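The values are calculated or read from the model by the stated rules, or taken from the named source; none is laboratory data. The structure displayed is predicted, hence computed values, not measured ones. Every residue, glycine among them, receives a Cβ derived from its backbone with ideal geometry; neighbour counts consider all protein chains shown. Heads up: the accessible areas ignore ligands, DNA and RNA and are worked out on the full protein's heavy atoms, side chains in. Shrake-Rupley method; radii C 1.70, N 1.55, O 1.52, S 1.80 Å.
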Amino acid sequence: MIELFRKVFVFPRASNDSYVILKPKPEQPLQSFTVCLRSYTDLPQPYALFSYATKAQDNEILLFKPKPGEYRLYVGGEFVTFRVPETRMDWEHVCASWESATGIAEFWVNGKPLPRKGLRKGYSISAEAVIILGQEQDSFGGGFELPESFVGEITDVYMWDHVLYNMGSIMWHGHFSHYIFGW
């Protein structure tokens, strides 16, 4: 296992081939999840941070920023929009969670919760997936588009197979176990 604590992935330029592949091994379909990461960029155009695609659905889970002040969380190809206050040029810590039983989607920016929204109640996320950082998958493991590529830095990426409720602690490098992957 590669030690990634205090390491950063740098995406130096807009391209179709600048991304990170993660191949998680969840044991069963996901009925809930939490994804957290930190990013640093000055991009004004749309970009993808986290893309979880399956053979059946390219936007199974997607964290996408279509424009400044807005994030979209996709689950099973459908999305909800979260409006966020614009921040000065600095690292941005985001967490997104979703639970199938209630359909509740939550989004946190820099430790602050945004209003919860409803998304895909009763849906199940396939366990066989490819996760890409820095690009949106338009097909399983590929189909990248240059205009949606991320340019900047990403670190502290974690994913859990349940909803976490103490996001403030995560923002300040809290340590949590039982994650699917993380550093």
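Only a single criterion out of (1) under 11 Å from the mean Cα position of the chain (by Cα); (2) open to solvent by less than 10 Å² (accessible area, probe 1.4 Å) is not satisfied by residue 100, namely (1).
Considering the range 110-157, and only residues there that are among the polar types (S, T, N, Q) and loosely packed, with under 13 Cβ neighbours inside 10 Å, the residue that is modelled with the highest pLDDT turns out to be 124.
Checking each residue in the range 96-134 for being among the hydroxyl-bearing types (Ser, Thr, Tyr) and in contact with a Phe, Trp or Tyr (Cβ under 6 Å, 6 or more places away or on another chain) picks out only 100.
Would a scan of the range 63-80 turn up a residue that is crowded, with 18+ Cβ neighbours inside 10 Å and within 14 Å of residue 163 (Cα to Cα)?
Kept after step one, since they are crowded, with 18+ Cβ neighbours inside 10 Å, are these residues of the range 63-80: 63-65, 71-76, 79-80.
From what's left, within 14 Å of residue 163 (Cα to Cα): none.
No; the residues of the range 63-80 include none that is crowded, with 18+ Cβ neighbours inside 10 Å and within 14 Å of residue 163 (Cα to Cα).
Among the criteria (1) open to solvent by less than 30 Å² (accessible area, probe 1.4 Å); (2) within 27 Å of residue 128 (Cα to Cα), the one residue 84 does not fulfil is (2). The strands (runs of 3 or more DSSP E) found entirely in the range 28-121 that carry 3 or more residues being without any contact (Cβ under 8 Å) to a residue 60 or more places away in the chain and not charged (D, E, K, R) are 70-75, 78-83, 104-109.
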